[in-house]
Structure formats: structure tokens, C-alpha cells
Protein chains: 2
Amino acid sequence: MSEPTTEEKVAEAERAALQLAQCSEAERNAALESIADAIEAHSDEILTANEEDVEEAEELLEKGEYTQALVDRLALSHSKLESIAEMVRSVAGQDDPLGKTLEARRLDEDLELYKQSVPIGVIGTVFESRPDALVQIAALSLKSGNAVILKGGSEASESNRVLYEIIEEATSDLPTGWAQLIEARADVNALLEMDDSVDLLMPRGSSEFVSYIQDNTSIPVLGHTEGVCHVYIDEDADLSMAAEVAHDAKVQYPAACNAAETLLIHESVAANFLPEIVDRYEESGVEMRGDARVRDIVDVDAATDTDWSTEYGDLEISLKIVDSMPEAVDHINEHGSKHTDSIITQDGDTASVFMQGIDSASVFHNASTRFSDGYRYGLGAEVGISTGKTHARGPVGLGGLTTYQYFIEGDGQIVASYSGANPRAFVHEEFDGEWTPGRLSGSRIEQ
Amino acid sequence: MSEPTTEEKVAEAERAALQLAQCSEAERNAALESIADAIEAHSDEILTANEEDVEEAEELLEKGEYTQALVDRLALSHSKLESIAEMVRSVAGQDDPLGKTLEARRLDEDLELYKQSVPIGVIGTVFESRPDALVQIAALSLKSGNAVILKGGSEASESNRVLYEIIEEATSDLPTGWAQLIEARADVNALLEMDDSVDLLMPRGSSEFVSYIQDNTSIPVLGHTEGVCHVYIDEDADLSMAAEVAHDAKVQYPAACNAAETLLIHESVAANFLPEIVDRYEESGVEMRGDARVRDIVDVDAATDTDWSTEYGDLEISLKIVDSMPEAVDHINEHGSKHTDSIITQDGDTASVFMQGIDSASVFHNASTRFSDGYRYGLGAEVGISTGKTHARGPVGLGGLTTYQYFIEGDGQIVASYSGANPRAFVHEEFDGEWTPGRLSGSRIEQ
């Protein structure tokens with residue numbers, strides 16, 4: 001039997017999505033438990049396949065084409081598989097994002113409108129080379145009732161294929177084809193064209209890669225490109241708090257997208273604040289670049305214009321003095337990436353104006369930008385971080401993989417009764433209640 | 001001074017959007033009242049410009065290039081302007097969609113997360129030739145705090161220009177450039193490329209036009225293409241109810257996108273149901289096309305395959321017999337447009353399976369598809385109907401023109417405290433509360 005085409009795989013996923021949307025929470029959770037068990041049961045098989053990937057990567061490492069970090073990310077172990085299985089079980093343990101009544105409104109007597117959370121449908125994912133990404137994305141999609149197209153990094157192709165087959169076998173009770181693996185780069189381009197069949201794309205990877213996806217598809221994209229995050233130290237800042245937050249925002253985990261890349265400092269506190277933070281950054285090995293006014297106070301390298309919009313993702317930061325809070329707001333809106341920015345001030349009014357002026361998914365007052373994260377926000381399993389402004393924004397939980405449908409329960413009502421001469425009036429009355437399909441006709445039959 | 005380019009207009013709108021997001025509800029409502037007053041005060045001026053558009057359209061009508069319906073839609077009058085002004089006032093009277101605290105969660109002591117509704121930013125709109133569309137779209141955008149790019153039909157260019165100038169002058173207290181008029185067709189193509197500056201597109205017009213927009217931009221699109229809506233008459237239907245609903249769904253306003261285009265009839269009730277509904281449709285002048293089994297029972301034209309996915313938008317309907325409810329579900333998912341579908345049945349369990357199996361924005365039980373509408377749903381001002389599955393779905397109210405930001409109020413917290421050895425634990429406790437910017441620092445200062 002020849003391998004199905006990407007079109008055939010997506011068409012099968014579309015059919016499966018309609019069935020999967022009707023699976024109960026218990027069925028979806030049982031399938032997740034079954035995936036976790038199968039990963040543990042087949043760990044030797046997975047590790048054998050993974051070894052092939054690692055060996056190939058090591059050959060490329062010797063040729064200087066790969067980094068050690070990439071090889072490390074690729075390598076699985078028994079303990080890593082154990083934690084992947086635990087991750088799948090924790091997704092099973094999350095609250096069900098489906099079947100929630102988001103709104104209930106009585107339109108008229110025996111005419112009730114319900115807004116109900118449902119899966120989106122078919123989600124296309126393209127992700128980095130860590131093989132645990134495949135399992136995580138499949139688990140999040142399944143929990144939220146979505147069919148998923150999985151395209152991993154070619155470096156992890158052997159691991160991904162075995163993991164995919166294990167997932168497929170472990171979920172044989174689910175609608176066939178709910179998860180599909182695609183492997184060729186060309187298949188990604190085919191996927192980007194399928195706006196009639198794929199409802200959402202979730203790319204993960206470099207800024208350039210996510211931008212490429214966004215620029216080459218009409219399918220809605222949930223993803224983040226850059227994290228150029230700022231901390232602004234206001235004239236009314238508690239300067240010891242400011243130093244703590246500025247240090248944490250850069251140093252605690254500099255590779256994260258929510259790490260700060262630029263400190264903006266009000267000119268009235270710059271002379272007091274800069275020497276202290278520069279000392280602390282130097283102790284932690286942070287490279288600093290400042291504008292001319294910063295360099296009048298402390299001895300750091302000169303920042304160039306490109307520094308203000310660079311995501312270093314490393315122990316590097318740029319420093320700039322501003323004359324006012326509004327100047328900081330303008331700088332952030334111009335150079336930032338709408339991700340996360342923070343103001344340090346003891347003045348609530350200043351905080352208010354700053355926070356409402358910044359067009360970023362997350363804006364903080366007296367807290368480190370590093371809090372911008374689904375786990376820390378209490379969203380449960382994190383699907384990703386979105387720098388888009390529609391659908392889901394900022395850290396996205398399982399709810400970001402849902403949409404809604406409107407359901408009406410009626411008793412034969414027609415619109416003609418509500419128009420023309422002497423029309424009935426709508427009631428439009430919100431009420432607390434869960435959608436019970438067939439509630440009204442059911443009660444009528446019982447009478 | 002030369003006319004600014006589309007790029008310059010959009011850039012000005014982007015700057016204005018940041019300011020407009022900070023305008024209070026009172027400021028936005030005052031500007032809306034001012035627009036309504038100005039439309040009344042300048043009605044002669046508007047009607048003079050409108051006459052030019054109408055005259056040109058009438059010339060094209062004589063040449064057979066326009067329809068009378070188009071000319072009628074174009075023509076304004078004193079009473080029409082009065083109702084446009086009233087529409088603007090009613091938008092002002094809607095609940096404010098902005099500044100709502102959608103979620104409040106305590107992450108830890110003195111560390112509070114708020115999810116707050118905010119404007120989306122810059123909305124690009126391309127709409128049909130009715131000049132009232134310009135005023136309506138500008139009013140909805142302003143109410144929701146969004147800057148707007150307005151592109152109307154060329155048929156209404158004189159009316160649109162005068163209306164735009166009146167709106168611009170009436171809202172001189174708002175950030176300059178919050179509304180922008182573009183006039184050339186080429187400017188639309190420029191707009192479609194500006195995914196860095198335009199946050200949402202709202203096209204209105206023919207299915208072909210909306211599809212063209214969707215296929216040619218990476219900007220999220222809020223709009224609807226087709227409405228191929230179905231009524232399924234189940235074996236357990238109350239047949240007199242079924243006839244009422246099927247009649248209303250087609251006849252009450254056949255040009256609407258939520259009018260039914262196909263009736264699906266369970267084979268066990270077809271012989272009883274078909275003669276009655278065919279009589280009623282014939283009385284109302286509805287043209288009917290049926291499949292072979294329908295034509296065994298009643299005398300109607302033969303349906304072809306294209307009938308099943310055609311939006312007639314007129315007094316035409318296709319009729320088909322199905323062997324089971326699941327066959328109806330499959331037919332609808334295959335041929336429908338994910339808009340609105342209805343089941344008529346007295347069996348609640350059948351309704352439940354049908355409703356959960358249909359992938360449409362609105363699914364009804366024992367009610368006419370014509371209820372699928374923002375006003376009837378009680379959403380207030382209707383922004384449009386969306387057949388997309390992300391962001392907003394189905395009838396969209398002002399909330400569809402908003403997104404959200406996460407705000408954290410802290411007291412200097414850093415992430416390092418919550419990681420490493422002996423980490424603090426998050427509390428993650430939902431609470432009822434409105435975001436008060438600077439609440440925590442404010443209280444500390446007061447102590």
C-alpha cells in the first residue's frame with residue numbers, strides 16, 4: 001500500500017475531527033492514559049529509534065553542522081520517557097475544556113440560546129526537534145478534542161515515527177486518523193494551502209520560521225515570533241525592588257521569550273539606579289549596551305539602533321534613559337514585540353497610564369516579566385504563547401484550542417412571529433444553566 | 001498638500017489606535033452622539049453628494065450595467081439619514097465592551113492576574129455600496145475603541161467622502177486619524193499586505209468577494225462567505241411544527257444568509273410531510289428541486305449535485321430524503337457552509353446526537369434557522385456573522401471587536417522565588433474583582 005498523500009491524511013483527519021468532537025471526556029482521558037502506558041511499555045523500542053537520530057546528529061556535530069545543545073535536546077532516556085508519560089497523565093488530569101456553557105440566554109419562553117465550548121477541528125502543527133514535543137502536542141490536541149497533523153524536525157524523524165505509531169496504536173478506540181504524521185518539508189507547504197481543511201496552525205521554532213508560516217498561509221496561526229520584553233524603572237520606583245526585578249527578568253532564564261531585553265530608566269533615578277544594576281548584572285555575567293546618557297553614568301558598551309529591537313535570548317541587555325513615562329510607552333510600542341512589559345513604580349496612577357498605553361499581551365506592575373507563562377498564570381497545560389491579537393493572546397491554555405457553537409433549544413418557534421405587525425418581543429434574559437440537548441422537547445414528551 | 005498614501009493612512013491609524021484605546025467610555029459615547037448630531041445637521045450636504053452618486057448609478061442603470069435594486073440601496077433621504085443617526089445613538093447606548101475584567105486570579109499574596117477586555121487595534125473594512133454601511137462600521141469601531149480603515153463601494157464614493165468628512169470633523173476631540181478613508185481598488189490590495197499594521201479585516205459583500213479577501217491576506221478575517229443552511233425533519237418530528245419551521249426558514253426572508261437552502265427529510269415521514277410542505281411552498285411561490293425519491297412522492301423538478309451546495313438566496317429550495325439522522329449529519333457537514341442548521345424532532349436524544357455532530361456555528365432544535373442573528377441572540381449591535389472557527393464565530397456582537405490583555409499587579413515579585421530549591425508555591429485562586437491599576441502599590445503608599 002502506498003503512503004497516503006498529505007491531502008489524503010488531512011481529509012482523514014477532517015473526518016476524524018467530527019467524530020472526535022463527540023467523544024466524551026472519559027473516552028479522551030482513557031486514551032491519554034493509554035498513551036502514557038504505551039510510552040512506558042515501549043520505552044526500549046523508542047530509545048532504539050532515538051539512538052539512530054542521535055547518532056546521525058552526532059555525525060553532523062563532528063562536521064560542525066550541529067551544536068551540542070541540539071544533540072542534547074534530541075536525546076531521550078528512560079527517565080525522560082518517564083517524565084513524558086507523566087506529562088501526558090497530567091494533561092489527562094486537566095479540567096475538560098469542552099462542553100462548557102459559556103453563556104445561556106432565554107430568548108423567549110421555551111426558546112433558549114446556549115454558547116457552548118467545542119473543539120476547533122483540525123490543528124496543523126510544525127515543531128522543533130525535541131521528540132517530546134510530538135507527544136505533548138498530540139496530548140493537548142486530544143484533550144481538547146481536536147484532530148492533529150504532526151510535523152516534527154527531520155533530526156528526530158526516527159523517534160517521531162516510533163512515537164507516532166505507539167500513539168496511533170494506543171488510541172485505536174478513537175476515530176481512525178485523528179492524529180496524522182507528515183514528514184517531508186514539501187508537505188508543510190501543502191499544509192499551508194489547505195485553508196478549507198485546516199482550522200488552526202501552531203508552529204513552534206525560531207522567530208524566522210514562525211514569521212515564514214504567518215506570511216505564507218491564510219490559516220489562522222497561533223504562535224509567537226519574538227519576545228522583546230522591557231522593564232521600565234519609573235521616577236517613583238522603589239529602587240531596590242527595581243534592581244531585584246530587573247535582575248530576575250534578565251538573569252533567571254535568559255533564553256526564555258519572556259526575559260527582558262531592554263531596561264528603560266527614568267532620568268531622575270538613573271544616577272542612583274544604574275551603578276547598582278550594572279554591578280549586579282556584571283556579577284551574573286550579563287553583557288550590557290547603553291545609550292549615550294547611560295554611558296555618561298556607567299561604563300558599558302554603546303548600543304546601536306538595532307539593539308532596541310533585538311531579542312538577545314542570552315545574558316545581554318540594552319539600557320536606555322527616558323525623560324518620562326510616556327517616552328517609555330512610546331519606545332516600547334515602537335520597538336517591542338507585544339509580548340510582555342513591566343513598570344516598576346510606587347505611583348498607582350503612573351502604573352495605570354503605563355499599563356493602558358502599552359499594546360502588549362501582558363503588562364505588569366512591580367513584577368518580573370518572567371511571570372508571563374501559562375503555568376504561572378494558572379492556565380494549566382500550556383499550549384503556547386501567542387503574539388497575535390485575535391483568538392487567543394499571551395500564554396494560551398487548553399481553552400485556546402477550543403471555539404464555540406451556539407445551540408438553540410426551541411419549541412417550533414418561527415421568526416415570522418417576531419416581525420411584521422404585532423410582533424412578539426424577545427426576552428433576552430441571561431440565566432445560569434447548562435445546555436441539556438433536547439431539554440424542551442423531552443419535557444414535552446413526558447407530559 | 002498631496003493625498004497621503006494608504007501606508008501613511010494606516011500608520012496614522014496605528015498611532016491613533018494606541019490613544020483611542022485609552023479614551024473613556026464617556027469620551028467614545030460623546031463622540032458617537034456628536035456624529036449623530038452632525039449627520040442631522042449636515043443632511044442637505046449629504047443628500048447633495050448622494051444625488052451625484054445616484055445620478056451616475058441611474059446612467060449605468062439605463063445602460064443596463066446596474067440593477068434598480070442597487071440604485072435603491074444607494075439612495076439616501078432625510079428619513080433614512082434620521083434612522084442612520086438613530087442607529088449611531090443606539091450604538092452609543094450599548095454596554096461598553098471594553099475594560100471588563102474577564103478573569104481575576106490571585107497567583108500569590110499581593111500578586112494578582114487580571115484578564116481585561118481591550119480593543120483589537122486597527123480594523124480594515126471593505127464594504128458594499130450602501131452609504132449607511134460606512135457610518136455603521138465607523139460607529140461600531142469607535143464604540144469598541146478601534147481605529148478603522150474604511151473602503152466603501154465606488155458607486156457611493158461621493159456620499160462616502162462627505163459622510164467621512166462629517167465624521168472626522170464631529171470627532172475632532174478623538175485622536176487624529178482614528179478613522180481613515182481609502183477609495184481606490186488598488187488601496188485594498190495594499191491593505192491586504194499590511195499584516196504588521198492591520199489587526200483584523202472585516203469584508204462585507206458577495207461570497208466571491210469575501211473568499212477573495214480570505215485567500216489573499218495573512219490578516220485575520222472576520223466575515224462570512226456563504227450560508228447554505230439546512231432543516232432536517234426527523235422521523236420523530238411533529239410534522240405540523242416541521243412545516244411551520246421549514247416554511248419560515250425559507251420564505252420569511254429568502255435573501256438572508258440564515259435562510260434554509262435544503263430540507264432533509266427522514267424517509268419514514270416523507271410520504272406524510274412532503275405533500276403538505278410542497279403545497280405551502282407553492283402557495284408562497286417557492287421553486288423546489290428534489291432528489292429521485294422525493295420526486296416519487298411529489299411533483300417537483302430534479303435536483304442536480306450542485307443544488308446541494310448552492311446558496312439560492314431566493315425563493316428556491318432543494319429537497320432530499322435521507323434514511324437516517326446520521327445520514328443527514330453527514331450530508332450537512334459535507335455540503336453545508338458551517339453557518340446554521342436545524343433539526344425538527346420530539347426525541348431529545350436524537351437532537352443531542354445531531355447537534356453535537358454538526359460542525360456549524362449555530363445548530364438549532366425545533367426552531368427556524370432564521371433566528372441566527374446578533375439582534376435575535378441578544379448580542380446588541382451586530383458587527384457581522386463569521387463562518388471562521390477562531391476568534392469569533394456565528395453572529396458577532398461588539399465583543400468580537402475586542403481582544404484581551406493580561407495585567408499583573410505585584411509587589412516586586414521575582415520568578416527566582418518560585419523556582420530552584422525551596423520554591424514558593426503559587427496559589428492560583430480565582431476571585432471576583434475588577435482590575436484597579438496600581439491597587440497594591442497604592443495601598444502600600446497609603447500605609
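The values are calculated or read from the model by the stated rules, or taken from the named source; none is laboratory data. Keep in mind that this is a model prediction, so the values were computed, not measured. Ideal geometry is used to build each Cβ from the backbone, glycine not excepted, and the neighbour counts take in all protein chains shown. Side chains are part of the model used for accessible areas, which takes the heavy atoms of the whole protein and leaves out ligands, DNA and RNA. Shrake-Rupley method; radii C 1.70, N 1.55, O 1.52, S 1.80 Å.
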Given (1) within 20 Å of residue A:139 (Cα to Cα); (2) of a type outside the set (D, E, K, R); (3) touching a Leu at 6+ places or on another chain (Cβ under 6 Å), number of the condition residue A:71 does not satisfy: (1)
List the pairs whose first member sits in the stretch A:19-36 and is free of Cβ contacts under 8 Å to residues at least 60 places away in the same chain, whose second member is open to solvent by 40 Å² or more (accessible area, probe 1.4 Å) and assigned to a helix (DSSP H, G or I), and whose Cβ atoms are under 7 Å apart, counting only residues at least 6 apart or on separate chains? A:22/B:356; A:33/A:89; A:36/A:89
So which residues in the stretch B:270-294 are open to solvent by 70 Å² or more (accessible area, probe 1.4 Å) and of a type in the set (S, T, N, Q)? B:272
Would you check which residues across the stretch B:366-386 are buried (at least 24 other Cβ atoms within 10 Å of the Cβ), polar (S, T, N, Q) and either in contact with a Phe, Trp or Tyr (Cβ under 6 Å, 6 or more places away or on another chain) or more than 7 Å from chain A (Cβ to nearest Cβ) (or both) and list them? B:369, B:372
Only one of (1) away from chain A (no Cβ under 14 Å); (2) crowded, with 21+ Cβ neighbours inside 10 Å; (3) more than 30 Å from residue B:206 (Cα to Cα); (4) β-branched (Val, Ile, Thr) does not apply to residue B:350, and that is (1)
Identify, please: which residue in the stretch A:387-409 is in a loop (DSSP other than H, G, I, E, B) and more than 9 Å from every other protein chain (Cβ to nearest Cβ) and is, among those, nearest to residue B:352 (Cα to Cα)? A:397
Qualifying position, being within 27 Å of the chain's Cα centre (by Cα) and more than 21 Å from residue A:395 (Cβ to Cβ), among A:329, A:300: A:329
Flag if residue B:26 is of a type in the set (A, V, I, L, M, F, W, C) and either over 27 Å from residue B:178 (Cα atoms) or open to solvent by 30 Å² or more (accessible area, probe 1.4 Å) (or both): yes
Restricting the stretch A:418-447 to residues that are modelled with pLDDT of 90 or more, open to solvent by less than 50 Å² (accessible area, probe 1.4 Å) and under 19 Å from residue B:372 (Cβ atoms), the one farthest from the other protein chains (Cβ to nearest Cβ) turns out to be A:435
Exactly one condition in (1) open to solvent by 10 Å² or more (accessible area, probe 1.4 Å); (2) over 26 Å from residue B:399 (Cα atoms) is false for residue B:159; which is it? (1)
Take the stretch B:387-417 and flag every residue that is open to solvent by 20 Å² or more (accessible area, probe 1.4 Å) and of a type in the set (A, V, I, L, M, F, W, C). B:414, B:416
Residues being open to solvent by less than 10 Å² (accessible area, probe 1.4 Å), more than 10 Å from every other protein chain (Cβ to nearest Cβ) and in a strand (DSSP E or B) - total across the stretch A:115-132: 4
Residue in the stretch A:214-259 that is most open to solvent (accessible area, probe 1.4 Å), counting only those that are among the polar types (S, T, N, Q) and modelled with pLDDT under 95: A:216
Considering residues of the stretch B:153-188 that are charged (D, E, K, R) and without any contact (Cβ under 8 Å) to a residue 12 or more places away in the chain only, the residue nearest to residue B:18 (Cα to Cα): B:168
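Looking only at the stretch B:4-13, decide whether some residue is within 28 Å of residue B:116 (Cα to Cα) and buried (at least 19 other Cβ atoms within 10 Å of the Cβ).
Going through the stretch B:4-13, the residues within 28 Å of residue B:116 (Cα to Cα) turn out to be B:10-13.
Within this subset, residues satisfying the condition of being buried (at least 19 other Cβ atoms within 10 Å of the Cβ) are B:10, B:13.
Checked the stretch B:4-13: at least one residue is within 28 Å of residue B:116 (Cα to Cα) and buried (at least 19 other Cβ atoms within 10 Å of the Cβ).
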Condition test on residue A:334, is it in a helix (DSSP H, G or I), more than 27 Å from the chain's Cα centre (by Cα), of a type in the set (D, E, K, R) and more than 9 Å from every other protein chain (Cβ to nearest Cβ)? no
Could you list, ordered by first residue, the pairs with Cβ atoms under 7 Å in which the first is in the stretch B:40-64 and over 16 Å from residue B:79 (Cβ atoms) and in contact (Cβ under 8 Å) with a residue 60 or more places away in the chain and the second is of a type outside the set (D, E, K, R) and open to solvent by 20 Å² or more (accessible area, probe 1.4 Å), at least 6 apart or interchain? B:45/B:162; B:49/B:162; B:53/B:157; B:57/B:66; B:57/B:70
Any residue in the stretch A:279-303 that's not assigned by TED's automatic domain parsing to the domain that holds residue A:250: show its pairings with residues that are modelled with pLDDT of 95 or more and of a type outside the set (Gly, Ala, Ser) at Cβ separation under 7 Å, as long as the two are six or more apart or on different chains. none
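Taking helices (runs of 4 or more DSSP H) that fall entirely within the stretch B:25-94, which contain at least 3 residues that are charged (D, E, K, R)? Steps first, answer last, please.
Details: elements: B:25-41, B:43-62, B:68-74, B:78-92.
In the stretch B:25-94, the matching helices (runs of 4 or more DSSP H) lie at B:25-41, B:43-62, B:78-92.
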Out of the residues in the stretch B:302-344 that are among the hydroxyl-bearing types (Ser, Thr, Tyr) and over 18 Å from residue B:269 (Cα atoms), which is surrounded by the fewest Cβ atoms within 10 Å (Cβ to Cβ)? B:306
Output the residue which, of all residues in the stretch B:311-330 that are in a helix (DSSP H, G or I) and touching a Phe, Trp or Tyr at 6+ places or on another chain (Cβ under 7 Å), is nearest to the other protein chains (Cβ to nearest Cβ). B:329
